[in-house]
1. Checking residue A:89 against (1) in contact (Cβ under 8 Å) with a residue 40 or more places away in the chain; (2) under 30 Å from residue B:135 (Cβ atoms); (3) not in a loop (DSSP other than H, G, I, E, B): exactly one of these is not met. Which one?
2. Taking only region B:118-163 into account, find how many residues are farther than 26 Å from residue A:238 by Cβ, more than 9 Å from every other protein chain (Cβ to nearest Cβ) and in contact with a Leu (Cβ under 8 Å, 6 or more places away or on another chain).
3. Restrict the check to region A:4-13 and report whether at least one residue is at pLDDT 85 or above and exposed (fewer than 13 other Cβ atoms within 10 Å of the Cβ).
4. What single numbered condition from (1) over 14 Å from the mean Cα position of the chain (by Cα); (2) acidic (Asp, Glu); (3) open to solvent by less than 30 Å² (accessible area, probe 1.4 Å) fails to hold for residue A:179?
5. Return yes or no: is residue A:145 farther than 30 Å from residue B:140 by Cα, modelled with pLDDT of 90 or more and open to solvent by less than 50 Å² (accessible area, probe 1.4 Å)?
6. From (1) in a helix (DSSP H, G or I); (2) without any contact (Cβ under 8 Å) to a residue 12 or more places away in the chain; (3) open to solvent by less than 80 Å² (accessible area, probe 1.4 Å), pick out the condition that doesn't hold for residue A:56.
7. Of the residues A:198, A:208, only one is in a loop (DSSP other than H, G, I, E, B), in contact (Cβ under 8 Å) with a residue 24 or more places away in the chain and among the polar types (S, T, N, Q); which?
8. Of all residues being open to solvent by 60 Å² or more (accessible area, probe 1.4 Å) and within 10 Å of the chain's Cα centre (by Cα) in region B:12-54, which is nearest to the other protein chains (Cβ to nearest Cβ)? Just the residue, please.
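The values are calculated or read from the model by the stated rules, or taken from the named source; none is laboratory data. Note that the structure is a prediction, hence the values are computed from the model and not measured. Methodologically, a virtual Cβ is constructed for each residue, glycine included, from the backbone with ideal geometry; neighbour enumeration extends over all protein chains shown. Remember, those area values only see protein heavy atoms, side chains included, never the ligands or the DNA or RNA. Shrake-Rupley method; radii C 1.70, N 1.55, O 1.52, S 1.80 Å.
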Amino acid sequence: MSERRDALDGDWPDTLDGGAWPEPPRPRDEVTARIREVCTRDIAPARRLSARFRLVASLALSAAVFLVLFLLSSAWAKPEGALRAALFGAAGWGAVMVVVLLVGLVRPPGRRGPLSLRVGLLLGLPVAFLVYQLGIGVAAPWGEFVTTGTGHALTCGLGAMLFGAITSLGVLWLWRGTDPLTPRVSGALAGLVGGMTSAIAIGTACRSGETHHLCLSHGAVVVAFVVVGALGGKRWLAP
Amino acid sequence: MERYVAGDAAAFDELYRRVAPRLFGYLLRLTRNRERAEDLLQITFVKVHRARGSYLTGAPLLPWVLAIARRSFLDERRSARLRTEDLSDDGTLPEPVEERDEVPVELASALEQALDGLPEQYREAIQLTKVSGLSLQQAALVLGTSVTAVKLRVHRGYVSLRQRLERFQRAGR
């Protein structure tokens, strides 16, 4: 415990500070020449997307997915109050997604603030979304859901997974190669955006307002895509 | 980096001059083998070259490059574990790195030896913070861990370094 305290306080006699730390060695000249040749041969301006463009494109992709599901569902009869509530919810969670993108991806790696904030978003937002689903849902017995609701839940869940995959993979692709420092966390945030887009879009299209259905078919998708995003982030977000 | 991304070859020379020594020192500390360090240096710069279009304006360059290098080192070590032992050119097994018994005369040499003898985690943390000059936050990002963990590793590495240096000093008298 005292060692940890010493380390954290920096309270140790540092006779090595300012001392003879070894000079960094240099690579051989032929290695340098080879590297220079590869990295400057026929060099041209790199094709580049700004962070702002990537952000706008990510939001446009999310909006497009939302719009497609909203238009698909317009043919299905839904109580007007339910649709209005779903749209208000979508607007609110949409604002949350903008914050997630700004905090987690737009700022350059190394300047994104404490890792604990981003991890907090990854842990807290799916829980908050599930609580939200519990709050807006209509309670029904579990047995009733199992006997009559699983078919619709499965269809809804698969639809949410499909559109979540389109959005998550799209966002990951837009931000590919941008984060060698924390690719898993950034990927998980991209997945969070994809999962939430799909969940709120499905929410406007879905006929069911039952709690078990909302949590399992809509809410669980968010958690799934956080995991998918973390795996994809390691693969695609690191150069 | 911005000028290099824009296609300025001279900017690459300046970038290389600023980054390569610290990057190579870090790779040498990780691999303890000059040839492997040089290979990884080339791999890292090729990745930097290919990924320059993905570099977001304002990202601190040294942590960015070091993170790419570290990932390349870990990938190479992972795939090396799956390969059979490499033979040297004459078909014999490579000689293991021997512990150096001679007592270094200067502090810098003693420090070099002592650093090389540390466990990898401590060695890496000290190399990044003390030799490469990264802040604790930047080192934590490169290592994929927390600032607290980096502080502890540096502290424990320091304790071990001081013990080794005291032994060098006693042996030298």
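1. (2)
2. 3
3. no
4. (1)
5. Details: farther than 30 Å from residue B:140 by Cα: yes; modelled with pLDDT of 90 or more: no; open to solvent by less than 50 Å² (accessible area, probe 1.4 Å): yes.
For residue A:145, the condition - farther than 30 Å from residue B:140 by Cα, modelled with pLDDT of 90 or more and open to solvent by less than 50 Å² (accessible area, probe 1.4 Å) - is not met.
6. Here residue A:56 meets the rest and fails (3).
7. Numbers: A:198 fails: in a loop (DSSP other than H, G, I, E, B).
Just a single option satisfies the conditions, and that option is A:208.
8. Here the residue is B:22.
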